[in-house]
Every structure is written in structure tokens, then in C-alpha cells.
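Worksheet for the structure shown next.
The values are calculated or read from the model by the stated rules, or taken from the named source; none is laboratory data. None of the values given here were measured: they were computed from a predicted structure. All Cβ positions, glycine included, derive from the backbone under ideal geometry; neighbour counts span all protein chains shown.
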Amino acid sequence: MRIQKFLSRAGVASRRKAEVLVLDGRVRVNGTVLTELGTTVDPTLDRIEVDGTPVELSEARWIRFHKPAGVLCTADDTHGRRTIYDVLPDEYSGLRYVGRLDLETEGLLLLTNDGDVANRLQHPRHQVEREYEVCVEGVPSKKDIVRLRAGVLLDDGLARPVRVEIAAPAKERGNLKLVMTEGRKREVRRLMYAVGFPVVTLKRVRFGPVKLGDLPPGEWEGLSSHDVSALGKCVADG
């Protein structure tokens, strides 16, 4: 495989940042500094180093995790709050999460050591769908739904759901399903606040082809080979 893909797959850097590493002369293959971006390497035969540190591929691992509300998506919190790695067993400490969820959002979180696919799943150009169940203060009208579907200009650009569905309201609260294709910070919360319906609870139930299903909060399981293949296929063009 090309050196950029190898470094991305190994979790060293995205393909674009891997190109910078090569151009800066920080990558060696069998003791020789690389000078060409398209260089092909064989991970089973070649010794590859970045800044003098050997880099190897591990077998690709994927899990789906039902992140509970009140748990942070980070490896370490300076305030001592609970993180996803405090919940997960130590054997998963080397996996990276794909598309963070904010502190109070629960739901599906994918984790993997396949940095290449993880980077592409999160890149906006691939338009990978994220589906959310949202409970809001107040009950949106048909006019509000039309506005949501048209898109709302936030401080970092237009936010427009791919789909909006209304579920039955409960005691002056509205329930919706939103499908988004970008992972901007707190995008769903900011979108609903902008149209006058602050979020009460937020839950991600799908990321691309992978669903949360009935996995309980705080639990995890390995992805099936079918799900792993489906994730790769939805970003296979880049």
C-alpha cells in the first residue's frame, strides 16, 4: 500500500498529514528517508519509521459502544471527570473513537485502531449519515419542521438535516429524528436552539450503516464482519 495509506491505517496521521511527514523528511523505509509521496510499502517486509520510531500495523479492531450521558469522549480529562476509557476495559485503551459525542449526549460510538477508515468516516466530503433521536422543550409545528429542512445558518455555516421526522410529543416536549451528515461540534443542539427548541435529551442511534440497536448504555460489542465491510464501502471512493 502507499505510504500515506499505511501511516493513516496505523493511526499515525491522516493521509494529508502523512504527506507532510514525508515531505518533511520524517519518514524512513528500511533506513532510507522517503522523498516521494507515492512510495509503495509492504508492511510485512519493510521497516517503516516516523521520527525514528518503528510503525507497525495491528489487526483491525472495531467495536460499537453505547456511550452513557455524563461520560466524556476523551483519553484524559484534566478535571477528573469520567471518560469512555474509564468505562471500557483496558484492552480497548488503544482504540480511537470515530466522531465524538458531547458530555450529555448518549448513544452509538464506534471505536477502532483503523485510522485510515476512521479519518474518512469523519471527513465531511463523504457525507456519512449520523441519525439522532432528539427530545426538545416545546413541540415544533409544521412551519418549524419546514424551517429545519431548509437549513439554519449557524456561526460556522449552514446546518441542514438530511431528514427530519416527528414522533409523538409528550407533555409539552417534542420528539424528533434527525439525520445529519457532518460531525460539527454540538451541531444538533445548536441547530435546535436556533429554531427555539432547546434539547432536553439527545441520542445517536446510527452512524453510517451501523445501528445502536438494543445495546444497553455502558455496554459494548465487536462489530460483525458485515458491519466492518459496510463501513469501508461507504468511504471506499477516497
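Listed by first and then second residue, the pairs linking a residue in region 214-236 that is more than 14 Å from Asp116 (Cβ to Cβ) to a residue that is in a loop (DSSP other than H, G, I, E, B), with Cβ atoms under 6 Å apart and 6 or more places separating them unless they lie on different chains, are Pro217/Pro68; Gly218/Pro68; Ala230/Pro209.
What are the residues in region 216-229 that are in contact with a Phe, Trp or Tyr (Cβ under 8 Å, 6 or more places away or on another chain) and in a loop (DSSP other than H, G, I, E, B), if any? Of everything in region 216-229, those that are in contact with a Phe, Trp or Tyr (Cβ under 8 Å, 6 or more places away or on another chain) and in a loop (DSSP other than H, G, I, E, B) turn out to be Glu219, Leu223. Within region 21-36, if we keep just the residues that are surrounded by fewer than 14 Cβ atoms within 10 Å (Cβ to Cβ) and not acidic (Asp, Glu), the residue that is modelled with the lowest pLDDT turns out to be Thr35.
Being small (Gly, Ala, Ser), part of a helix (DSSP H, G or I) and surrounded by 14 or more Cβ atoms within 10 Å (Cβ to Cβ) is true of Ala118. Only one residue in Leu37, Leu23 is touching an Asp or Glu at 6+ places or on another chain (Cβ under 8 Å), farther than 19 Å from Trp220 by Cβ and not assigned by TED's automatic domain parsing to the domain that holds Gly218. Which one? Only one candidate qualifies: Leu37. The condition of being aromatic (Phe, Trp, Tyr), touching a residue at least 40 places away in the same chain (Cβ under 8 Å) and in a strand (DSSP E or B) holds for Tyr132. Within region 76-92, residues that are over 17 Å from Leu108 (Cα atoms) reach partners that are of a type in the set (Val, Ile, Thr) and surrounded by 12 or more Cβ atoms within 10 Å (Cβ to Cβ) with beta carbons closer than 6 Å, at six or more positions or on different chains, in the pairs Asp77/Thr83; Arg82/Val71. Scanning region 105-115 for residues that are in a loop (DSSP other than H, G, I, E, B) and closer than 15 Å to His66 by Cβ gives a single hit, Thr105. Of all the listed residues (Arg184, Arg206), the sole one being of a type in the set (Lys, Arg), in a strand (DSSP E or B) and on the phi < 0 side of the Ramachandran plot is Arg206. Output yes when any residue across region 57-72 is small (Gly, Ala, Ser), surrounded by 18 or more Cβ atoms within 10 Å (Cβ to Cβ) and without any contact (Cβ under 8 Å) to a residue 60 or more places away in the chain, and no when none is. Looking for residues that are small (Gly, Ala, Ser), surrounded by 18 or more Cβ atoms within 10 Å (Cβ to Cβ) and without any contact (Cβ under 8 Å) to a residue 60 or more places away in the chain, one finds none in region 57-72, hence no. For region 1-28, filtering for residues that are charged (D, E, K, R) and part of a helix (DSSP H, G or I) leaves 6. Residues that are surrounded by fewer than 14 Cβ atoms within 10 Å (Cβ to Cβ) and in a helix (DSSP H, G or I) within region 135-172 comprise Lys142, Lys143, Val146, Arg149, Ala150, listed in sequence order.
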